[in-house]
Amino acid sequence: MTARVSAPEDEDAVVAVVSLYQKAQKIYPRAVSGWFIKWRWALVFITQLVFYGLPWLEWNGRQAVLFDLAARRFYIFGLVLYPQDFIYLTGFLVISAYSLFLFTAVAGRLWCGYACPQTVYTEIFMWIERKFEGDRVARMKLDAAPWSFEKLWRKGGKQAVWIALGLWTGFTFVGYFTPIKSLWGEAFTLSFGPWEWFWVLFYGFATYGNAGWMREQVCKYMCPYARFQSAMFDKDTLIISYDQQRGDPRGTRGRKADPKSLGLGDCIDCGLCVQVCPTGIDIRNGLQYECIGCAACIDVCDGVMDKMNYPRGLVRYATQNSMAGGWSAAQMWKRVFRPRVLVYTSILVVIVLALLTSVALRSPFRVDIVRDRGALARIVDEGAIENGYRLQIMNSAEQTQHYVVTVSGIDGARIIGRTEVDIGAAEARWLPLAVQIPQAAAEKAGTGAHAITFAIERQAHGSESGVNISEKSTFVIPR
């Protein structure tokens, strides 16, 4: 779409055509080496080792981490969770949010630059691209060259590896919800279920599209974090900064030239900081929302400074206040750990300790009592009053457990039917039972609803001690 601007009354007026849509220029990030890129690759290896390897680990004869939606059980090593334990997911999300606030307040977009899945997979996909097509200049020449067998096999080989990696990523993702070993057997015969097919292809396509094609577009236009990060920054947040006072005026010069005699700063205007940036920005223009904090520009600039025999740090992690005030590193770090950061840290520590304590003290089984909705109460032999219930016991332990059920709250109350039950490891079972009270006790208690308490005791077994849980309900005595 274009807009045409002209002056109709002037026949000699120049017609200006302004494009309202600009085609995105393809970015060819240059490979870089340095301290920060080593940290990025270390996190790539760690995160992918956990993601791809965790589903294959076994624990007590089962998959160590499995979110079994069909059975409504979630296994995390020795921990077995049920939908009723949703509070732990809430706690985990709160911890994640506060961690993001803390890391952002301290050093900006650390998550984006080092551990975000988009960043991690983009780094992997670009590494594959370099193996097939070469570094920046070689890729640019290959794209500009006409199609040939050389170009076809390099482009095609890259796409084949990208697709294979995307599908393997989708397969691994589904392996967290379907036992991965059975899923592996189904993969050879392509006998996945409909939902398994959907998620393998969907997640695989998302990985392939986001990391292979969209790349920086996801960070710049789709991710909301880029838009609200400014609300989490302040002038004492560590950000990747260009030292303008030291670097300007910019200009090329020989290695042996004295920049002061030439009236130049330390920046030789080589443009390498732009060439290595995965989002294509110029860090010398100041903080920009497109910057993901990957520090590639720091590594490449430090390399240039070494070659020119200039001090490192022309581009570095620094705060706006320290750059403006010329602070020392000690002064800057003193302000980094300011009250805002200490408050975030304190709250985060309290929440983590509370969650860990709750998990450690969590009961090894859960109980639900449901009244029989078919009949509130009924009169049985000798005028006794009977109420029906359904008792659900969920065993969170990894061994079969023996449970004994008793009832109290009304004189003479007793359970009719089974009062003892064995429940297998990580199983849940519904136990129908009836509670009766004699006629005399019913007359003494009077009509209406009365509170009763079910006591469910897990018997001591081996090194495990007995555990008792009480669950309240009501007993109805009809008129």
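The values are calculated or read from the model by the stated rules, or taken from the named source; none is laboratory data. Just so you know, these numbers come straight off a predicted model, no measurement behind them. Cβ atoms come from the backbone with ideal geometry, glycine included; neighbour counts cover every protein chain shown.
Here are the numbers for the structure shown:
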read-out: Entirely in the range 176-230, the helices (runs of 4 or more DSSP H) that have 1 or more residues that are farther than 18 Å from Y121 by Cα and β-branched (V, I, T); value: 180-189
read-out: Qualifying residues in the range 150-182 (those that are under 14 Å from V65 (Cβ atoms) and aliphatic (A, V, I, L, M)) - the one surrounded by the fewest Cβ atoms within 10 Å (Cβ to Cβ); value: I180
read-out: Residue ranges of strands (runs of 3 or more DSSP E) in the range 30-144 with at least 1 members out of contact with any Lys or Arg (no Cβ under 6 Å at 6 or more places or on another chain) and among the basic types (K, R); value: 73-76
read-out: Residue match in the range 323-341 (condition: under 30 Å from L81 (Cα atoms) and under 29 Å from the mean Cα position of the chain (by Cα)); value: no
read-out: Some residue of the range 108-120 being over 15 Å from the mean Cα position of the chain (by Cα), aromatic (F, W, Y) and either crowded, with 18+ Cβ neighbours inside 10 Å or farther than 30 Å from R30 by Cβ (or both); value: no
read-out: Residue match in the range 424-445 (condition: closer than 30 Å to R72 by Cα, part of a strand (DSSP E or B) and touching a Ser or Thr at 6+ places or on another chain (Cβ under 7 Å)); value: no
read-out: Filtered residue count, the range 182-227, keeping only those that are at positive phi and aliphatic (A, V, I, L, M); value: 1
read-out: Y203 vs. criteria closer than 30 Å to L69 by Cα and either buried (at least 20 other Cβ atoms within 10 Å of the Cβ) or not assigned by TED's automatic domain parsing to the domain that holds G108 (or both); value: no
read-out: Pair list, Cβ under 9 Å, 6 or more apart: the range 238-262 residue of a type in the set (G, A, S), other residue in a helix (DSSP H, G or I) and surrounded by 14 or more Cβ atoms within 10 Å (Cβ to Cβ); value: S241/I283; S241/Q320; S241/S322; S241/M323; G247/R284
read-out: Every pair of residues 6+ apart whose Cβ atoms lie under 7 Å, when the first sits in the range 186-207 and is over 12 Å from F173 (Cβ atoms) while the second is surrounded by 15 or more Cβ atoms within 10 Å (Cβ to Cβ) and among the polar types (S, T, N, Q); value: none
